[in-house]
1. Which number in (1) open to solvent by 40 Å² or more (accessible area, probe 1.4 Å); (2) touching a residue at least 60 places away in the same chain (Cβ under 8 Å); (3) in a loop (DSSP other than H, G, I, E, B) marks the one condition that Tyr344 misses?
2. Could you please find all residues in the stretch 427-439 being farther than 18 Å from Arg413 by Cα and open to solvent by 90 Å² or more (accessible area, probe 1.4 Å)?
3. From the set of residues in the stretch 64-73 that are touching an Asp or Glu at 6+ places or on another chain (Cβ under 9 Å) and open to solvent by less than 20 Å² (accessible area, probe 1.4 Å), which is modelled with the lowest pLDDT?
4. At least 1 residues that are on the phi < 0 side of the Ramachandran plot, within 29 Å of the chain's Cα centre (by Cα) and aliphatic (A, V, I, L, M) in each: list the helices (runs of 4 or more DSSP H) lying fully within the stretch 374-435 that qualify.
5. For the stretch 339-389, give me each residue that is in contact with a Gly (Cβ under 9 Å, 6 or more places away or on another chain) and among the hydrophobic types (A, V, I, L, M, F, W, C).
6. Where the second residue is surrounded by 16 or more Cβ atoms within 10 Å (Cβ to Cβ) and the first is over 20 Å from Gln238 (Cβ atoms) and lies in the stretch 281-294, which pairs have Cβ atoms under 9 Å and are six or more apart or on separate chains?
7. Which condition number does Lys354 fail, the rest of (1) more than 23 Å from Ser295 (Cβ to Cβ); (2) among the basic types (Lys, Arg); (3) surrounded by 13 or more Cβ atoms within 10 Å (Cβ to Cβ); (4) out of contact with any Asp or Glu (no Cβ under 7 Å at 6 or more places or on another chain) being met?
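The values are calculated or read from the model by the stated rules, or taken from the named source; none is laboratory data. Only a predicted model underlies this, so the values are computations on that prediction, with no experimental measurement involved. Virtual Cβ from ideal backbone geometry, glycine too; neighbours counted across all protein chains shown. Just so you know, the surface numbers come from the protein's heavy atoms only, side chains and all, with ligands and any DNA or RNA stripped out. Shrake-Rupley method; radii C 1.70, N 1.55, O 1.52, S 1.80 Å.
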Amino acid sequence: MVHFKKGESKELVARRYLRKAEREGRFGVVMIGIAQETTSAWRGFRSGGSASHPHFCYRRMSVFPNHYYFYIRDREWGPAFIKTVAYAPWGVWIYLNGHEWAKRQAEKRGISFEALDNGFRSVEDAEALRGICATLYYRDIEKFWGYWEQRLPSPLTAEDRERGYGYRLSVRQLELSDTRIFERPSQGRQWFELMLRDQLALGRPDNAQIVFGRKITSRTPGRFRTRVIGDGVEPQIQAHYKHSKVKQYFKEGRALRTETTINDPDDFGVGRTLNASNWLALTRIGQEVNERLLSAQLAACDCAPDPDTLERVVSPSIEDGLPAPGLRFGEPRVMALFSCLCAYRHLFAGLTNKSLRELVAGLIPGYTARQMTYDLRRLRRKGLIRRAPGSQHYELTDHGRRIAVLFTKTYTRILNPSLAELDPTLPDEIAERSPLARAWRAFEHALDARIADAQPSA
């Protein structure tokens, strides 16, 4: 029995008990932790009546009772915990780790592997491991709960259960991850840092941010913006969507980890109850978000189209018998549109007239819904976006992602900085710091000298 102290990491406290049980080959409850936490529970209140015959009423309210953490070493799931509270309606929280479950199944099948913290670093048979991960089902969670529900203390008596009282599991949080191990970790880290640069430069998405592993509160001094800190801090990419998010970071110096965390299934129109349809829908959503993020990043690495494709984008054309107005490079409205198409917020639920218009209007004041409708039409006819069947949502195509990234990178990283450095009014002391400005001014002086030498004598 352990009483957690305020601010203490429960996971770190429990870890030594779990490791001791693993060394001794023991399974079962290895520690019970106690912590005071806020919850919603039923409370009774006096509401009228006499002293000899008082009246009471009951309602749910926030209380601060003891919560009990049962840390378990399970034969199928490895380390896990079940949390409960002794106040009605006696809520229960279950934490399980799918990576630990997959490790146990691999060991049973004799598949050797090297573990990565919360994952796999290497494996003897990758396809067999992939198959194991694909078989994890909601029934495995129900089986775990059914086993431990019979062995842990419960406020429900046998009579309560005969009357139909019991627990129904629901999804509070579901995390799905994708881990890519690099054979050359230094090159992987270099690639990831380039992706961080893209996240800062492309689209200025208001729902995506870089976090630095530092706790920032209202009392923390200074002004905090989206930026990368590389001195002793592992940066992350985080794209938020309602209550859910996808994050990406470089794990243990050798693996690119992409994690989608669904904190509210209703964000995607999926029910909370743990059943077959909701489980399949949520796992599919998490996997698709991870894949879209990685595909978008890989597409950004190879974004240069062939000349014919580029000409069809920038010039008016006929696509499927319909006129498709050109999207001219350098035009402010087109550049703002492509910049906003690069935003990672579209990875979750695609884009709509409203969601894209809000981003573009942040760059072009006065941008209207009518203009957005026209722009969506020409983006669709150029094959840069496609409409999801039976909805008003659009998805950015791979071709569209490449074009948007190419135009935005070229405009923001080449054209605009270069024009600023070539400005003839740029002070000499600043121009001297720019190799491009020095070379341009040297060319101008040499050209002026050549023209002066070529003039006939008066």
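1. Status for Tyr344: all satisfied but (1).
2. Asp428, Glu429, Glu432, Arg438
3. In this case the residue turns out to be Pro65.
4. Passing ranges, in order: 398-409.
5. Listed by number, the residues that qualify are Cys340, Leu341, Cys342, Ala343, Leu359, Leu379, Leu384, Ile385, Ala388.
6. Within 9 Å, the pairs are Ala281/Pro265; Ala281/Phe268; Ala281/Val270; Thr283/Leu136; Thr283/Leu174; Thr283/Leu176.
7. Looking at each condition in turn, Lys354 falls short on (3).
Every residue, every condition in (1) loosely packed, with under 15 Cβ neighbours inside 10 Å; (2) in a helix (DSSP H, G or I); (3) at pLDDT 95 or above, yes or no:
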{"position": "Leu129", "(1), (2), (3)": "no, yes, no"}
{"position": "Arg139", "(1), (2), (3)": "yes, yes, yes"}
{"position": "Trp145", "(1), (2), (3)": "no, yes, yes"}
{"position": "Pro155", "(1), (2), (3)": "yes, no, no"}
{"position": "Arg161", "(1), (2), (3)": "yes, yes, no"}
{"position": "Gly164", "(1), (2), (3)": "yes, no, no"}
{"position": "Arg168", "(1), (2), (3)": "yes, no, no"}
{"position": "Ser186", "(1), (2), (3)": "yes, yes, no"}
